[in-house]
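Colleague: Just passing along the structure, written as structure tokens.
Bear in mind these aren't lab numbers, they're just calculated from the coordinates by the rules spelled out. Because the structure is predicted, anything quoted here is derived from the model rather than measured. For neighbour counting, all protein chains shown are included, and Cβ atoms are generated from backbone atoms with ideal geometry for every residue, glycine included.
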Amino acid sequence: MVESAFVLRHHEDGLRLREHSRRWMLEHRLVPVDVVGTQADGLRYTELVASYSVGAPFDALCAISDLSIWFFVWDDKHGRYAFHHQHGRWAALRDALYRVVDAPAAYSHDAEPLLSGLADCLLRFHALMSEHWNTSIAEHLRAVIHAYDIEYRERINNYVPPIDDYVKLRAGTFGYRVWLDCLELAAGRALPADIRQWGEYRRAGLASQEFAGWYNDLCSIRKELAAGELHNLGITLIKHRGLSVGDAIDEVRERVITRVEDFLLAERAALERVDRANLPPEIADAVRHCVFNMRNWISSVYWFHHASERYNVNAWADRSHPPYVVDA
């Protein structure tokens with residue numbers, strides 16, 4: 001369905017972005033030099049962002065991409081801390097990240113790459129967007145950190161949350177609201193609060209993000225089972241409905257298709273409301289741009305999961321330890 005209804009688009013500065021991101025990863029030591037050299041192209045992180053931030057000014061594109069790379073590295077670090085039950089290290093990182101969100105300038109040169117990397121992204125956001133927008137994304141990042149902490153505690157206690165609880169938690173660990181904020185950054189303008197609250201706009205945004213989060217679960221289930229992870233929609237279905245792995249995969253796939261269908265309906269309704277709303281031209285253009293990149297989230301995430309070595313578990317020597325992750 002995605003292949004027939006959605007076109008994979010590319011930002012015109014995608015190649016420049018790749019070179020920028022390589023430099024940024026090395027500058028902040030988020031990824032070891034040898035991993036950048038051997039894994040970066042195969043992971044395709046920048047291609048993902050360049051396909052859902054179409055039309056973004058280059059400085060905004062780079063900031064979104066760097067936050068996305070940071071997110072992948074942070075997710076991997078969280079997973080390894082849980083795998084090895086490194087509770088003290090996790091708690092220290094969690095608490096430090098809250099402090100970074102509150103005062104990024106104090107951490108821009110921190111020795112810990114995850115702190116300096118996030119601080120750098122936030123400071124660049126501050127230079128590009130309004131104080132209100134930055135306050136909003138900071139609140140949403142705090143919610144992400146909190147959701148990861150819940151997941152950590154549940155995982156070390158071998159607790160698989162009920163399906164509805166997992167769906168709510170996934171909105172936090174995937175960062176739905178953060179990425180919806182970044183749509184506005186890509187459009188070059190924060191949307192008025194009342195437009196953010198339009199039912200049509202909210203439904204389109206949620207459908208695109210739930211597609212992305214659940215499609216990630218669909219493509220990650222085998223590597224996450226191998227790594228002992230418990231937070232995956234398919235694993236939740238296995239635990240609470242007694243499904244086999246194959247049946248759980250089929251169920252997640254059906255839910256993903258439903259979210260695509262929901263998005264198409266909400267997208268049409270949102271664009272029709274823009275046409276009726278008599279908005280200032282610059283606001284109307286920004287809303288259309290955000291909805292356009294909601295659509296691009298679906299095609300970008302779909303193709304990313306088929307192309308990225310992040311999900312090519314059959315090529316790994318150890319399915320429980322991805323080759324692009326280095327334990328410290």
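Colleague: Suppose R0 equals 45 Å. What FRET efficiency, 1/(1 + (r/R0)^6) with r the Cβ-Cβ distance, do Arg23 and Ser244 give to the nearest 0.05?
Modeller: Approximately 0.45, to the nearest 0.05.
Colleague: Further question: Output the relative contact order of the chain, whole-number percent, from Cα pairs under 8 angstrom with separation of 6+ residues.
Modeller: 24
Colleague: Nearest 500 deg cm²/dmol is fine: what mean residue ellipticity at 222 nm does the chain get from its DSSP H runs of n ≥ 4 alone, each adding -39,500 (n - 2.57), divided by its residue count?
Modeller: Computed mean residue ellipticity for the chain: -25000 deg cm²/dmol.
Colleague: Based on the alpha-carbon set only, what is the convex hull volume of the chain divided per residue, in Å³?
Modeller: About 127 Å³ per residue, rounded to a whole number.
Colleague: Using the basic label-point model (7 angstrom from Cα toward the beta carbon), what is the Ala277 to Asp102 distance in nanometres?
Modeller: 3.5
Colleague: Which value in Å is the Kirkwood Rh of region 112-171 over different Cα pairs?
Modeller: Taking the inverse mean of 1/r over all distinct Cα pairs, region 112-171 comes out at 13.5 Å.
Colleague: Most exposed first by the Cβ proxy, i.e. fewest other Cβ within 10 Å, how do Leu225, Leu97 rank?
Modeller: The most exposed by this proxy come first: Leu225, Leu97.
Colleague: Let me ask something else. Neighbouring Cβ atoms within 10 Å as the yardstick, rank Leu185, Leu43 fewest first.
Modeller: Ordered from fewest to most neighbouring Cβ atoms within 10 Å, Leu185, Leu43 come out as Leu43, Leu185.
Colleague: Order by neighbour count: His78, His87, His140, fewest other Cβ atoms within 10 Å first, most last.
Modeller: Least crowded to most crowded, the residues run His87, His140, His78.
Colleague: Could you please state, rounded to a whole Å, how far the C-alpha centre of region 82-102 is from the C-alpha centre of region 215-234?
Modeller: 22
Colleague: How large is the Rg to Rh ratio of region 67-209 when both quantities use alpha carbon positions and Rh follows Kirkwood?
Modeller: My calculation puts Rg/Rh at 0.98.
Colleague: May I ask for the percentage of alpha-carbon pairs in region 176-328 that lie more than 18 Å from each other?
Modeller: Summing the P(r) of region 176-328 above 18 Å gives 63 percent of all pairs.
Colleague: Next up: I need the chymotrypsin sites (Phe, Trp or Tyr not before Pro) found in region 1-101, filtered to DSSP loop residues with at most 14 other beta carbons within 10 Å of theirs.
Modeller: In loop regions of region 1-101 (DSSP not H, G, I, E or B), there are no sparsely surrounded chymotrypsin sites (Phe, Trp or Tyr not before Pro).
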